[in-house]
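The values are calculated or read from the model by the stated rules, or taken from the named source; none is laboratory data. From a predicted model like this one, the values you see are computed outputs, not experimental measurements. Ideal geometry is used to build each Cβ from the backbone, glycine not excepted, and the neighbour counts take in all protein chains shown.
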Amino acid sequence: MSLPTDFDREIAERVQQPGFDAVLARAGRARRRRRTTVASGVAALVVVAGAGLAVRAGDHRSAEPAPAVPTTPWDGSSEVDPRLPASVRTILRDEHVDLWAVSGSGGVAAVWRGCDAEPCRFAVVIRDGDRVVGATLDATAPRITAVPGGWLLEDASGISLLNPAGGRESITVVDSVTTDVLAGDTAVETADGWRLLRGHEVVAMPSPSEREILGAYVTPSGRLVAASTSGADVTASATDDGRTWEMQMASRVTEPVATAVVAGNGDHVAVAFLGDDPDGSIPVLAVQVSSDAGLTWTDVAGLDTDGGDRLSDLSSLAVSAAGTTYVTTGSHHVVRIDVDGDAVPMQLSAFDTSVFTLGEDVCVVAESGEVDRLECSADDGRSWTSQPLPGFR
């Protein structure tokens with residue numbers, strides 16, 4: 001996950017230890033702006049959610065029902081969905097409308113930003129099968145993360161749980177320190193940093209030796225895998241209780257690591273280690289994958305991590321239910337990594353971003369003329385089907 005970060009925001013100065021927000025913003029400066037260019041990492045993201053855009057930490061939803069499938073095939077058009085409230089349709093018709101974030105959980109949720117007038121306005125649209133709901137948001141930079149039962153939404157009104165029907169349920173933020181991790185917890189990023197969603201409460205997340213958490217994922221059994229930093233030292237580690245940590249570092253990294261992103265699904269976990277080039281790009285230094293909840297790790301083979309055309313500007317990270325890892329970058333579109341750590345690049349459009357999971361499916365935002373589209377795969381990346389982004393049809 002992701003959670004969202006404005007790709008178009010200029011960073012005043014380079015920092016020695018950029019966070020993922022800075023990584024995404026700097027990566028986005030080289031991208032041309034267009035009507036629906038993704039303005040945030042998602043992943044969800046993710047991805048690096050998640051959730052989290054993204055895109056920064058993945059999330060497990062094994063107990064979730066399968067998302068509904070639209071019964072009406074898409075004809076490839078891109079008109080604003082007339083079923084949405086007028087206030088939402090107005091934002092989607094802005095000349096300068098951006099996809100701020102997109103995420104899957106019992107349907108697909110898209111956050112849109114319209115900037116024809118100042119200040120910019122935001123709206124969230126959820127599509128679950130043939131049902132579409134939408135609402136405006138009171139926020140300057142909303143965060144949305146896929147969690148069991150829907151999405152964790154943070155805007156000016158606070159933190160709430162957004163369900164696939166568009167309803168919002170109250171979430172309580174618990175300020176007391178916690179040292180344990182429980183089965184059923186979900187790692188989420190908030191404006192105050194990484195936390196654990198436990199039922200309808202957001203509680204503190206333990207960290208190894210009080211290090212800053214960069215990204216995290218909790219397995220179904222309650223095992224926390226986190227990337228953390230202390231100065232220039234970035235480490236991936238795992239814990240079963242929050243008290244005793246197992247430290248792990250990318251073995252093949254020969255350059256300084258600036259930050260890292262974590263994603264997961266079930267017991268499958270992936271960690272991407274990112275650098276900081278003087279030319280402003282964000283190289284992907286290494287990716288490691290694990291199929292046993294972070295007990296053992298495999299270095300991903302086949303990644304182009306050297307030279308002037310190496311893998312760079314990661315925008316999202318996600319792990320499918322089958323354990324396949326997907327990376328989207330500004331340099332190499334989509335990279336598919338199997339459970340054995342073998343990487344194969346693929347291109348779905350001229351500009352591929354924001355990969356996320358939707359039940360058993362994997363979806364990628366792909367460039368498509370005036371309005372971008374979703375490419376979704378039901379067979380773990382072997383074939384893809386186009387569908388509109390929520391808000392359009």
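For region 280-309, a residue qualifies if it is in a strand (DSSP E or B) and closer than 30 Å to THR244 by Cα, and the qualifying residues are VAL284, LEU285, ALA286, VAL287, GLN288, VAL289, SER290, THR298, ASP299.
Condition test on LEU314, is it closer than 30 Å to PRO148 by Cα and in contact with a helix residue (DSSP H, G or I) (Cβ under 8 Å, 6 or more places away or on another chain)? So LEU314 passes the test. All of ARG131, ARG168, ARG211 fail the test of being more than 30 Å from ARG121 (Cβ to Cβ) and either more than 19 Å from the chain's Cα centre (by Cα) or at pLDDT below 90 (or both), apart from ARG211.
The strands (runs of 3 or more DSSP E) located wholly in region 168-264 that include 1 or more residues which are hydroxyl-bearing (Ser, Thr, Tyr) occupy 168-170, 186-190, 212-218, 224-230, 233-239.
Checked across region 143-156, the condition of being farther than 24 Å from VAL362 by Cα, among the hydrophobic types (A, V, I, L, M, F, W, C) and either touching a His at 6+ places or on another chain (Cβ under 9 Å) or at pLDDT 95 or above (or both) holds for no residue.
Among the residues of region 95-150, the one identified as under 16 Å from VAL371 (Cβ atoms), acidic (Asp, Glu) and assigned to a strand (DSSP E or B) is ASP98. Being among the charged types (D, E, K, R) and surrounded by fewer than 20 Cβ atoms within 10 Å (Cβ to Cβ) is a property that holds for ASP267. Just one of (1) touching an Asp or Glu at 6+ places or on another chain (Cβ under 9 Å); (2) surrounded by fewer than 19 Cβ atoms within 10 Å (Cβ to Cβ); (3) over 25 Å from THR145 (Cβ atoms) fails for PRO283. It is (2). Within the set VAL269, VAL261, the sole residue that is closer than 26 Å to THR190 by Cα and touching a Lys or Arg at 6+ places or on another chain (Cβ under 7 Å) turns out to be VAL261. Selection of first residues in region 370-391 that are on the phi > 0 side of the Ramachandran plot and of second residues that are part of a loop (DSSP other than H, G, I, E, B), restricted to Cβ pairs under 8 Å at least 6 apart or on distinct chains, gives the following pairs, ordered by first then second residue: ASP380/SER320; ASP380/ALA322; ASP380/THR324; GLY381/SER320; GLY381/THR324; GLY391/ASP81; GLY391/LEU84. Taken as a whole, region 362-372 holds at least one residue that is surrounded by fewer than 19 Cβ atoms within 10 Å (Cβ to Cβ) and among the acidic types (Asp, Glu).
Among the residues making up region 335-357, those that are part of a strand (DSSP E or B), farther than 24 Å from ASP292 by Cβ and either more than 17 Å from the chain's Cα centre (by Cα) or at pLDDT 95 or above (or both) are PRO345, MET346.
Output the number of residues of region 63-103 satisfying the condition of being surrounded by fewer than 10 Cβ atoms within 10 Å (Cβ to Cβ) and either at pLDDT below 95 or in contact with a Gly (Cβ under 9 Å, 6 or more places away or on another chain) (or both).
Total meeting the criteria: 8.
Per this entry, GLY275 is not counted among residues that are over 18 Å from the mean Cα position of the chain (by Cα), of a type outside the set (S, T, N, Q), at pLDDT below 95 and within 18 Å of HIS333 (Cα to Cα).
Taken over region 233-264, the criterion of being under 15 Å from ASP299 (Cα atoms) and surrounded by fewer than 14 Cβ atoms within 10 Å (Cβ to Cβ) is satisfied by SER251, THR254.
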